[in-house]
Each structure stands twice: as structure tokens, then as C-alpha cells.
Number of protein chains: 2
Amino acid sequence: MRMLINVPETVVADALRGMAAAHPELTVDVERRVVVRRDAPVAGKVALVSGGGSGHEPLHGGFVGPGMLAAACPGEVFTSPVPDQMVRAAAAVDSGAGVLFVVKNYTGDVLNFEMAAELAEDEGIRVARVLVDDDVAVTDSLYTAGRRGTGATLFVEKIAGAAAEEGAPLERVEAIARRVNERSRSFGVALSACTTPAKGSPTFDLPEGELELGIGIHGEPGRERRGMMTSREIADFAVDAVVEDLRPSGPVIALVNGMGATPLLELYGFNAEVQRVLVERNVPVARTLVGNYVTSLDMAGCSVTLCEVDEELLRLWDAPVQTPALRWGR
Amino acid sequence: MRMLINVPETVVADALRGMAAAHPELTVDVERRVVVRRDAPVAGKVALVSGGGSGHEPLHGGFVGPGMLAAACPGEVFTSPVPDQMVRAAAAVDSGAGVLFVVKNYTGDVLNFEMAAELAEDEGIRVARVLVDDDVAVTDSLYTAGRRGTGATLFVEKIAGAAAEEGAPLERVEAIARRVNERSRSFGVALSACTTPAKGSPTFDLPEGELELGIGIHGEPGRERRGMMTSREIADFAVDAVVEDLRPSGPVIALVNGMGATPLLELYGFNAEVQRVLVERNVPVARTLVGNYVTSLDMAGCSVTLCEVDEELLRLWDAPVQTPALRWGR
């Protein structure tokens, strides 16, 4: 087990302590497992709250800050956070303008956020929810009924977060989040399995020289297993899967995402192939983001997410954001 | 070979094409292998140029932009760029105020930047050079006479880059770069070897359950090999090695760096232990940066770099920077 940890039981708490030390601009409640932007609640503004299992960093804690999430709730590795965390986060960030829960489509997360929404409403907090389900690889999976939520989470959190930062009311922020999800599709590829601290061995068996097409972010099975492919071939397969499902008629934002252990050198090379396929398919690319954003522990591999944008969504994407993992503008 | 590539021969060119597509704010000359900030040359300002073997991304190309490098020259994987690239970069960014070459201490880089400096001066460009040699693990190594240059490169490029951006003259920018290097020390630990595309197999043999203390960024041997240690034990060892050599009397900036394949979840947990040791050693920490910044392809592991700062260096660290991999301020 090649892990930089103490014991599996403290991995999440240790990471939160380390995050607190590195980011004084965040309030990190290590014991209760809530990460909050320090200036919350922000008067008059809707607050986005997300969360999910740990092991996908920087998602979600790394996306907390002005212009994106108001708070994040990290669960145990690959395990949903509990409703208590979500209610606490909602209470910490609600200014009275309401809270939007951004929920990736995994059964545990869906149920827990649903319960949290009821509990928060009992406390007088207005709550809306948006489900992210962008992964075209499979319907129904190990942890999901319907499509899995993966890379589009970043788009939903960034774009709806910008709308909230501008002062849009809850119904409008929710509608924008929904629009972003509806216009986003993802496809992922694993070159190696990942290893959870608790298990200490790979979550599935992927022999040297093979890859898994359509993998999820928890080592769930994909569409099919094949012999090793080139970057070019993988881009053809992944982008085609996304484009055929999304059928964009306008420009897209492209996220070329690493699963955690794939070097940036390779990700940039893969991006060149992704861009080539998009040109061949006549899909104009308005913006591109390359890096490790929605990861799966130490898995090697990549995913492609496309989000079809209109002028408003693109403007909100370009709006300033100040979080540990995404930062631009002032 | 679990790599997201086409063929080993095109890895660097492919990555540069992908980088060009993702970063319209940079000018990427794929054929000649030079990455330049788009607004260069900037009138009246000193320009920093760095470079080195590829495989350490985001170093150096990801640090090109306002407030940091004016240009970067990527070599083949783990191989120095050639003088031609450096001269071309210098000519592209020199405004007449001169160029500072930031050179990691590896024999090939040192010789090539030396020759490039002579050639550039023949073309009428004023060139100064600063050598980065911060790694306390070993003196003399596979590719180095003296100490290796590793994590401190980020500090030198950021802090001297900020001085250049403010309009400091060449001698002053050079002196600041030298001061940053003299006040910085690093120590790295490998939990796995890395695999170069050309070789296709790990650069050294590190059995499961062992780690290498004092590793370089090319898989060079370290100080010693041990059975697996906890995050806590590794932090004790690495921080002690750095602090005993640096003997800081004032506050430091801490870089807790991943070698490429170690998840951010683990890096943050490791940072908690690094911060604990620093408290125990009475070393105040002014700023902390956690992430994959000076990597070694797909190596799992981490390094700690400390830079002792005075008020001026800290102010320059905090100054705005706008590059693909480091961004803050306006």
C-alpha cells in the first residue's frame, strides 16, 4: 500500500486539518466536517452547498470560495456525507436568500441531501436541489440509479455559483444549475484502478496493458474493457460518446480532467487530441480547462466533459472565482 | 505501460499543442518549444526565462504569465532544453531591460543555459543567471554536481518574477532570486518510481512496502530506503532534514508538493503533519501552498520546501500572479 497516510480511519480528518492550515480564507470545521467560505453568510445572496464522498479532491472543498460554493461537506472516502453535515453547512451559509444543494447522482448522496433539505426547511431555511447526472457511459451503476454525476459538477458549481454571487434569486440560480447539467455530458477512461485507504488494494482488477472505457469515479465498471489504446484513439472514443449524446448546436466549454495519477504532461497531450476530434466534429470550443479537478484517488486515467454554453452561461463561467482550486478574475 | 500518450517521440510536442489550445493567454511555439506570455516583451521590465526537462509539469510552462516567468523552454522528458530554445526565448521577451535565466542545478541545464547566455549576449541581450540548488538530501547525484534544484524553483520564479513585474532592474531581480535560493531548502520522498515514456518501465525498482527518502525529481537515488512509514513519520524526517540545514530564524513559506501521483487528499493530510512538526520546531509559517507543482511524471510521493522570508520576500510572494498553475491577486 503506497499511501501517504497515518491510518485509514483518520484520512479525512487529517486532510481537513491540512486544508485548514493551508487556506486561512476558509473556515474548516474538522470535527463536524464542514468547509465554509470565511465571509459566509453573504448578505442577500443565495448560497451553494455541495458535498460527497472524499477521494475526488479538489472536488468539493477546493471549490469553496467567492463565486462558487459557499460550503462543502466531505464524507468518508467514497461515502456520502450525512444529513447533519449538510444542515449545519446550510445554517452556516444561509443569509435568508436560500440555499442550493448541488447533488451528484449517487443513491446515498441523493437520499441524504433529500433528508437534509427537509431538516433545513424545518429550521426555516429555503432549500432547492439540483441533481448532477452527466456521465453518458452507463445508466444505472454500482451506486446509482440513472446516470452518474461526474465532471459536470464543476460546471454546475462554477456557473450557478457565479449567478449566486451576482445576486440572482434562488429560483434563478436553481434554473441555471439545471440548465448547466442538462447541457453537460461526460465520459471517463481508467488506465489503472484506484486504491481506497480502508481496503488497501485496488478497487478492481485492471491488468497491465488494458483499460476500462466509461469508468466512474469510484472504480465502478464502465462500458467495456479493451487492450491499451493511444491518446488519439481514447479521445476519439470519449469525445464521440459525449458528442453523440449531447448533440451540441453551439459552442462548448471543455473540461479535460485527470483522474488523479495521470501526469499533467499526458493530460495536455490528451487535450490536443480532444481538440482535434472536436474540430473534426464541427464543435466550436469556447474555453478549455485541463487538470485534476474531479478525481478518483490514485486512479490513472482521464475524463472529458463538455458543457454547451449560450452567452449567459459563458459570461458566468468567465466571472471571477476565488477558490483553492479554481481562481481567475479579481 | 499505463500511459495516456500516442508514441513516446511526440509526448512533448503533443503536450505543447494541448497547452496552446487550453491557454490562449500564452504563445506556444510547438515546433521550437518555447512558451511565452502573450504580451511579451513588456516595456521596461526584466524578463525571467526558465526551462528544463519535461515531466515536472506544471513547472516551468505552467508558471509563465504576468508576475512570474516571461518564457519557458521545455526539453525532452528529463532532458535539458538546448541553447537555441533559450536564446529564442530571451529574444522574444527582452524589452531591453535584460533577462534572468533561472537554472535548476543539473549538469545539462547548467551548461546549456551558460552557452545560451553567451549567445544571447552576442545578440545584445543582457543576461544574468541564478542557479537553484535547494535539495538537502544529497550532494552530487546522477545528474548533478552539488545540490539538486527542486521545489525552490517555484519560490525563485514567483518571488523574483514579482520583483521584475514591479519594474526592478536586472541586478536587483537577480539578487532577490539568489536570496530566495539561499534561503530555501527541500527534501523529497518517493513512494513509487516514475516511468518515462521512452523507457516504458519504472526508472528504478522500489518494492511494495518500501519508500525512498531524499529522492530527486528524476528518480535519482536518495539518502536511504526504508520500510513504509506513516505520514507523521515522513513529515518528521523530511521537515527535520530541511530545518536542520536551513536553520530559519524567521517565518517561512511552506510548499507541500506532490510528485504527481499522490492524491490531493493525502497531500493535505501530509500538510497537517508538516505543520505540526514546524510548530514543534518553533518555525512560524507565514504561507502554505499544497499541490502538485514540481512533479516527477507519475511518481507517488511528496516533497517539502521551506523558504525563509523577510518582509520584502513575503510581500513579493503575495503580489499578484496570473499563470496557468499559480494565480492570485488581480
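The values are calculated or read from the model by the stated rules, or taken from the named source; none is laboratory data. Fair warning: this is a prediction, and the values are worked out from it, not measured in the lab. We place every Cβ from the backbone using ideal geometry, glycine too, and count neighbours over all the protein chains shown. Side chains included, ligands, DNA and RNA excluded: accessible areas come from the protein's heavy atoms. Shrake-Rupley method; radii C 1.70, N 1.55, O 1.52, S 1.80 Å.
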**OP:** Report P(r) for the protein assembly as shown: all Cα-Cα distances, bin width 10 Å, range 0 to the bin holding the largest distance, values in whole percent.
**Re:** 3, 17, 28, 28, 18, 6, 1, 0
Original post:
What is the Rg over Rh value, at two decimals, for segment B:26-108, using alpha-carbon atoms and the Kirkwood definition of Rh?
Top reply: 0.94
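When you look at the Cβ of every residue in B:271-278, what mean number of other chain Cβ atoms sits within 10 Å? Working shown, then result.
Numbers: counts 8, 13, 6, 3, 5, 3, 0, 1.
Other-chain Cβ atoms within 10 Å of each residue's Cβ, averaged: 5.
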Original post:
Where the label is 7 Å out from Cα toward Cβ, how close does B:PRO284 come to the same position in every other copy, in nm, shortest first?
Top reply: 5.4
Subject >> When chain B is reduced to its Cα atoms, the Kirkwood hydrodynamic radius in Å >> reply: 19.6 Å
Subject >> Portion, in percent, of the accessible area of the protein assembly as shown that falls on carbon or sulfur, probe 1.4 Å >> reply: 50 percent
Subject >> For segment B:288-330, diffusion coefficient by Stokes-Einstein and Kirkwood Rh (Cα), 37 °C, 0.692 mPa s, µm²/s >> reply: 261 µm²/s
**OP:** For B:ALA13, go 7 angstrom from Cα along the Cα-to-Cβ vector, then report the distances to that same point in the other copies in nm, smallest first.
**Re:** 5.4
Original post:
Taking accessible area as the heavy-atom solvent-accessible surface of the protein chains with a 1.4 Å probe, which residues of segment A:158-194 lose no less than 40 Å² upon going from the isolated chain to the full protein assembly?
Top reply: A:LEU191
Original post:
If you find the alpha carbon centre of segment B:253-270 and of segment A:56-74, how far apart are they in angstrom?
Top reply: 18 Å
**OP:** In whole Å, largest first, what are the principal axis extents of the Cα atoms in segment A:242-330?
**Re:** 35, 35, 20
**OP:** Output, in nm with one decimal and in ascending order, the distances from the B:GLU182 label point to the matching label points of the other copies (7 Å from Cα along Cα-to-Cβ).
**Re:** 6.4
Original post:
Give me the Kirkwood hydrodynamic radius of segment B:177-216 in Å, from all C-alpha pairs, to one decimal place?
Top reply: 12.3 Å
Original post:
On average, how many beta carbons from a partner chain sit within 10 Å of the beta carbon of a residue in B:289-301?
Top reply: 4
**OP:** Can you tell me which of A:97-110, A:35-48 comes out highest on packing, and rank the rest after it, using the mean Cβ neighbours within 10 Å?
**Re:** A:97-110, A:35-48
**OP:** Write down, largest first, the equivalent ellipsoid semi-axes of segment A:126-265 in whole Å, where each equals the square root of 5 times an eigenvalue of the alpha-carbon gyration tensor.
**Re:** 30, 18, 14
Original post:
Quick one: which bits of segment A:204-234 get at least 20 Å² less accessible when the partner protein chains are in, versus the chain alone, with a 1.4 Å probe?
Top reply: A:GLU208, A:MET228, A:THR230, A:SER231
**OP:** Report, in deg cm²/dmol and to the nearest 500, the calculated mean residue ellipticity at 222 nm for chain A, where each DSSP H run with n ≥ 4 adds -39500 (n - 2.57) and the sum is divided by the residue count.
**Re:** -10500 deg cm²/dmol
**OP:** Using a 1.4 angstrom probe, figure out how much accessible area segment B:184-317 has per residue, in square angstrom, rounded to the nearest whole.
**Re:** 31 Å²
Original post:
Using a 1.4 Å probe on protein heavy atoms only, how many Å² of accessible area do B and A hide from each other, summed over both chains and rounded to 100?
Top reply: 4600 Å²
**OP:** Place a +1 charge on the Cβ of each Lys and Arg in the protein assembly as shown and a -1 charge on the Cβ of each Asp and Glu, then give the dipole magnitude about the Cα centre in debye, rounded to the nearest 20.
**Re:** 780 debye
Original post:
For peptide B:17-28, how many partner chain Cβ atoms fall within 10 Å of a residue's Cβ, on average?
Top reply: 6
**OP:** Report P(r) for segment B:8-182: all Cα-Cα distances, bin width 10 Å, range 0 to the bin holding the largest distance, values in whole percent.
**Re:** 11, 43, 37, 9, 0
Original post:
Computed over the Cα atoms, what is the radius of gyration of segment B:184-317 divided by 2.2 N^0.38 Å, N being its residue count?
Top reply: 1.05
